[in-house]
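**Q** The structure follows.
The values are calculated or read from the model by the stated rules, or taken from the named source; none is laboratory data. These numbers come from a predicted model, not from an experiment. Counting neighbours? That spans all protein chains shown, and the Cβs are built from the backbone with ideal geometry, glycine included. Quick note on the areas: whole protein, heavy atoms, side chains included, nothing else; ligands and nucleic acids left out. Shrake-Rupley method; radii C 1.70, N 1.55, O 1.52, S 1.80 Å.
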Amino acid sequence: MEYRLLVNHEEKKLTLSSSPDLKKTAFLEGISHQYELKSIGAQEYLLELDGRLIPFYLACEDAKTHLFIQGETFIIEDQAAARIIRRGSSDDLARMVTPPMPATVIRVLVSEGEQVERSQALMVLSAMKMETTLVAPYHGRVIKINAAPGAQVMPGEILVEIEPDEEDQHGAGTNL
Amino acid sequence: MFKKILVANRGEIAVRIMRTCREMGIATIAVYSEADRSALHVQCADEAALLGPSEPGESYLNIDKIIAAALQAGAEAIHPGYGFLSENAQFASRCEEEGIIFIGPPASAIKLLGDKTRARAAMLASSVPVIPGMTQPEDDIEKLSSQAAAIGYPVLIKAAAGGGGKGMRVVSDPRDLQGAFTEATSEARRAFGEGAVYLEKFLDRPRHIEIQVLVDRFGQAVHLGERECSIQRRHQKIIEETPSPALDANLREAMGQAALNAVRAAGYVNAGTVEFLLDNEGKFYFLEVNTRLQVEHPITEMITAIDLVRQQIDIASGLPLAFKQEAIRFQGQAIECRIYAEDPETGFLPCPGKILFLKEPLGPGIRVDSGIYSGFTVPTAYDPILSKLIVHAADRPQAIERMRRALAEYVVLGIKTPIAFLREVVGSEAFRRGATHTRLIDESFNPWRPTAQMTDAACIAYAASQEMPRKYQMGDGVKTADHFPTPWETLGSWSL
């Protein structure tokens, strides 16, 4: 998989791949590295990078990941994820299909390509034993669904991307 | 001995005081503001009393509210910590009036030492060396010239009316005095409408050395050696160590005796710290007395094995000092780094916020006096100190390596801290040589940018964590798996 990251504001591109013998390889700036990763605790990991063991720690806040590794701290923004996990202004939020609180996806009620009406139910979420239904903010066509049943989702993540119909163009760009 | 003490402070120092109280079998009362409802010090006490809104004047600086809380809970004594009301003579006398023991010096000593002119006069009377200088402005160049010779070059010309560097000139050569005097006078006249100037001894990049003292109610006094506090940013200490690389046994004894003379001159009781400036010729000058427990007190505790908070409580309860000067031994080297919520890349601007993840260093010779935890939101209303990392080792080189190891293990995610910066300063050639002075950070580490050696590893670490099975991924500190992964599951991830 390809990654385009902003690491302390510096752009970095890398690709991770698994070869048939299950060796994991990272390609970064023309160099390939062998790696393995082990999850230790909730936010603690152990990376084996080219034979060297390196513990690291991470925490997410909004679209940023704070990562501590060998005495250095990095703030990483995932450019690929930024399209989906992006905080909008409160104005935008009214037009976004995003959970009001951290939640789990229970059911997805529409599929990609489907035409939806304003206020049509799109997805059922569960948070703290309460079910919430997310509805379409406007008429349009579902172009992408970003979460499947069982997924943990956070406020700000756009779960269903809808292309507005001609007569409902206002703010069309905000959810893309 | 007291049965119950109210700790009139917050954060790491309140936690640290409560720990000693617990060891002494004394119950503690925490006080807190609305901003500190979930602060660590509230969780470490036996009882807690809400003072009021976050503004210090409505909470930690509010004498009436703190006294009321102490009376309500039946506290026999109040420990003020540092900052807030710790050097407030009015608070100390109010405690006295209410029949509560103030764990600190008498109000009269706080008052005397808080007045810089009176303190200077008291020190001169007790032959404690003060920075040589004139007490009155002078406009006659002949008289200034003879004053300068008496003080000794280099001298500093200062405007009587001013500050902020205006009308200030350093003169190293007697031949330059006339010219500098003319310049300073006209500059002062332009800036302050008054050209009067006076002279003071100029100290070039002095060291900031302080002596810890303990005085009991019976007049017995000991000093516990020095703390070297020369590494500062924004005129505030950030790294301290003891012993100082600049002191030998003779100078230590001379400064220790001067410190004892200083506190005796003020009728001092309890723990105190006498601050001196030390020039590069080994001459030292009285600066001020801090009439409280210092932030950096743990380094003295490490090399003397004396718990200063316990001593403060013992003295306040009327016990005599249990040891004499000859019994005090200094063992090894201790260094402290202060961990603030601030950004060394922006000139140390405070940056409070939520601590998303915290892991403190452990192991031989490590002490962390901390007021934070994972998930704690650092309030904006108070001093941005989070914790202090203290190391103790057999000698200075080992203490430096221990500090660097500990800083590299210190994980604070979510807010900016100077941890990486401190690691670089402690590892610098100047620090290793012991060539520290009060302008070191301004001259050598400002501006500062982290030297990132792990950027590539960080990229791979991040990307690899994104490819882990979804249930192990954590967002915003929320546990997303409904249970902690068992070894069967985590072992499995090696081959996935």
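**Q** Would you be able to tell me the number of residues in region B:193-243 that are among the aliphatic types (A, V, I, L, M), modelled with pLDDT under 95 and touching a His at 6+ places or on another chain (Cβ under 7 Å)?
**A** Adding up the residues that qualify gives 0.
**Q** Pull up region B:30-54, narrow it to residues that are in a strand (DSSP E or B) and aliphatic (A, V, I, L, M), then point me to the one that is most open to solvent (accessible area, probe 1.4 Å).
**A** First, the residues of region B:30-54 that are in a strand (DSSP E or B): B:30-33, B:47-52.
With the extra rule that they be aliphatic (A, V, I, L, M), the set shrinks to B:30-31, B:48-51.
On the way: B:Ala30: 0, B:Val31: 0, B:Ala48: 53, B:Ala49: 24, B:Leu50: 78, B:Leu51: 14 Å².
Among those that are in a strand (DSSP E or B) and aliphatic (A, V, I, L, M), it is B:Leu50.
**Q** Just checking, which of B:Asp248, B:Asp307, B:Asp204, B:Asp279 is more than 30 Å from B:Ala184 (Cβ to Cβ) and either under 13 Å from the mean Cα position of the chain (by Cα) or touching a residue at least 60 places away in the same chain (Cβ under 8 Å) (or both)? Step through it out loud before you land on a result.
**A** On the way: B:Asp248 fails: either under 13 Å from the mean Cα position of the chain (by Cα) or touching a residue at least 60 places away in the same chain (Cβ under 8 Å) (or both); B:Asp204 fails: more than 30 Å from B:Ala184 (Cβ to Cβ); B:Asp279 fails: more than 30 Å from B:Ala184 (Cβ to Cβ).
Answer to the check: B:Asp307.
**Q** Hey, could you check region B:138-164 for residues that are at pLDDT 85 or above and part of a loop (DSSP other than H, G, I, E, B) and say which is most open to solvent (accessible area, probe 1.4 Å)?
**A** By that ranking, first place goes to B:Asp139.
**Q** For the structure I just gave you, tell me whether B:Arg118 is open to solvent by 60 Å² or more (accessible area, probe 1.4 Å) and either modelled with pLDDT under 95 or touching a His at 6+ places or on another chain (Cβ under 8 Å) (or both). It would help to see each step written out before you state the result.
**A** On the way: open to solvent by 60 Å² or more (accessible area, probe 1.4 Å): yes; either modelled with pLDDT under 95 or touching a His at 6+ places or on another chain (Cβ under 8 Å) (or both): yes.
Taking the combined requirement at face value, the residue satisfies it.
**Q** Would you please name the residue that is modelled with the lowest pLDDT, looking only at residues in region A:11-30 that are facing chain B (nearest Cβ under 8 Å) and open to solvent by 90 Å² or more (accessible area, probe 1.4 Å)?
**A** Going through the qualifying residues, I end up with A:Leu22.
**Q** Let me ask something else. Among the residues of region B:352-366, which ones are among the hydrophobic types (A, V, I, L, M, F, W, C), surrounded by 16 or more Cβ atoms within 10 Å (Cβ to Cβ) and more than 19 Å from the chain's Cα centre (by Cα)?
**A** B:Ile355, B:Leu356, B:Phe357, B:Leu358
**Q** Suppose we filter region B:369-379 for residues that are touching a residue at least 40 places away in the same chain (Cβ under 8 Å) and under 20 Å from the mean Cα position of the chain (by Cα); how many remain?
**A** Count: 5.
**Q** Taking region B:377-427, which residues are assigned to a loop (DSSP other than H, G, I, E, B) and within 13 Å of another protein chain (Cβ to nearest Cβ)?
**A** Listed by number, the residues that qualify are B:Tyr410, B:Gly414, B:Ile415, B:Lys416, B:Thr417, B:Pro418.
**Q** Could you check region B:201-259 and list, in sequence order, the residues that are assigned to a loop (DSSP other than H, G, I, E, B), open to solvent by 20 Å² or more (accessible area, probe 1.4 Å) and of a type in the set (Asp, Glu)?
**A** Correct list: B:Asp204, B:Asp248.
**Q** Could we say that B:Gln294 is among the polar types (S, T, N, Q) and touching a Ser or Thr at 6+ places or on another chain (Cβ under 9 Å) here?
**A** Yes, satisfied.
**Q** Looking only at region A:31-57, count how many residues are at the interface with chain B (Cβ under 7 Å from one of its Cβ atoms) and either more than 19 Å from A:Asp78 (Cα to Cα) or part of a strand (DSSP E or B) (or both).
**A** Here is the first cut: in region A:31-57, the ones at the interface with chain B (Cβ under 7 Å from one of its Cβ atoms) are A:33, A:35-39, A:42-43, A:45, A:47, A:49, A:54, A:56-57.
Narrowing the set further to residues that are either more than 19 Å from A:Asp78 (Cα to Cα) or part of a strand (DSSP E or B) (or both) leaves A:33, A:35-39, A:42, A:45, A:47, A:49, A:54, A:56-57.
Final tally of qualifying residues: 13.
**Q** Need a quick list: strands (runs of 3 or more DSSP E) entirely within region A:58-176 having at least 1 residues that are modelled with pLDDT under 90. Please lay out each step first, then the result.
**A** Details: elements: A:64-69, A:72-78, A:103-108, A:121-127, A:130-135, A:140-145, A:160-164.
Result: A:103-108, A:121-127, A:130-135, A:140-145, A:160-164.
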